[in-house]
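Engineer: Here it is, the structure in full.
Values in this text are rule-based calculations from the coordinates and carry no lab data. As the structure is a computational prediction, the values presented were derived from the model and not from experiment. Glycine gets a Cβ as well: all are built from the backbone with ideal geometry, and neighbour counts include every protein chain shown.
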Amino acid sequence: MLDPVVGFSSAVFMPEDPDDGTISTLRGHVEPDEAYRRHVASDLKSVGTWGLSVGEALGHGLPSWDDGLINGNPQDHASVDFAEFPAKTRRHKIAKKLRDVAVTRGCLYSPEP
């Protein structure tokens, strides 16, 4: 469900089946506008760039790691692992918390309307 206040749902912080229990992200040295550009260049939709730190992911029991250049990933790719939480309901609750953390930080980049 789309959150009318922020313009996206917590589902963007939850792994999809093809993701093998992880969510894909880019490392922090990638500028937010560049992260947005690369995302939409892959024919994916985006309302902007929102961020989480490794510490914030770990604070919710989610390890993350740099997996650039592994399995065809870009050099600055990273993954956040939900494997410890196989139940979809639990993953959904964590995804909501991650979304809230990102929303509290604020949008890092938003395209011109």
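Engineer: Placing +1 at every Lys and Arg Cβ and -1 at every Asp and Glu Cβ, with all other atoms neutral, what dipole size does the chain have around its Cα centre, in debye to the nearest 20?
Structural biologist: Using Cβ point charges on Lys, Arg, Asp and Glu, the chain gives about 480 debye.
Engineer: Using amide H atoms built in the peptide plane, which far-off residues or other-chain residues are under 5 Å from S9 H to H?
Structural biologist: Excluding prolines and chain starts, which carry no amide H, the hits are D3.
Engineer: With springs only between Cα atoms under 10 Å apart, run a GNM on the chain and tell me which of S79, S64, S42 wobbles the most.
Structural biologist: Greatest mean-square fluctuation among the candidates belongs to S42.
Engineer: Among L52, H29, S42, whose Cα sits farthest toward the positive end of the charge dipole of the stretch 9-60 (+1 at Cβ of Lys/Arg, -1 at Cβ of Asp/Glu, about the Cα centre)?
Structural biologist: H29
Engineer: So what's the back-of-envelope 222 nm ellipticity for the chain, counting only DSSP H runs of four-plus at -39500 (n - 2.57) apiece and dividing by all residues, rounded to 500?
Structural biologist: Calculated mean residue ellipticity at 222 nm is -9000 deg cm²/dmol.
Engineer: Who wins for biggest fluctuation among H92, H60, H29 in a Gaussian network model of the chain, springs between alpha carbons below 10 Å?
Structural biologist: H29
Engineer: On to the next question. Go ahead and set up a Gaussian network model of the chain, Cα springs under 10 Å, then flag whichever of T89, T25, T49 fluctuates most.
Structural biologist: It is T89.
Engineer: Can you work out the FRET efficiency for the pair V103 and A41, with r the C-beta to C-beta distance and R0 = 30 Å, to the nearest 0.05?
Structural biologist: Rounded to the nearest 0.05, the efficiency is 0.75.
Engineer: Another question about this same structure. Could you point to the label whose value was computed as P(r) over Cα pairs in 5 Å bins from 0, in percent for the structure here, given (i) 2, 11, 22, 26, 22, 13, 3, 0; (ii) 2, 12, 26, 28, 22, 9, 0; (iii) 2, 9, 12, 13, 11, 9, 7, 6, 5, 6, 6, 5, 4, 4, 1, 0?
Structural biologist: Answer label, from the structure shown: (i).
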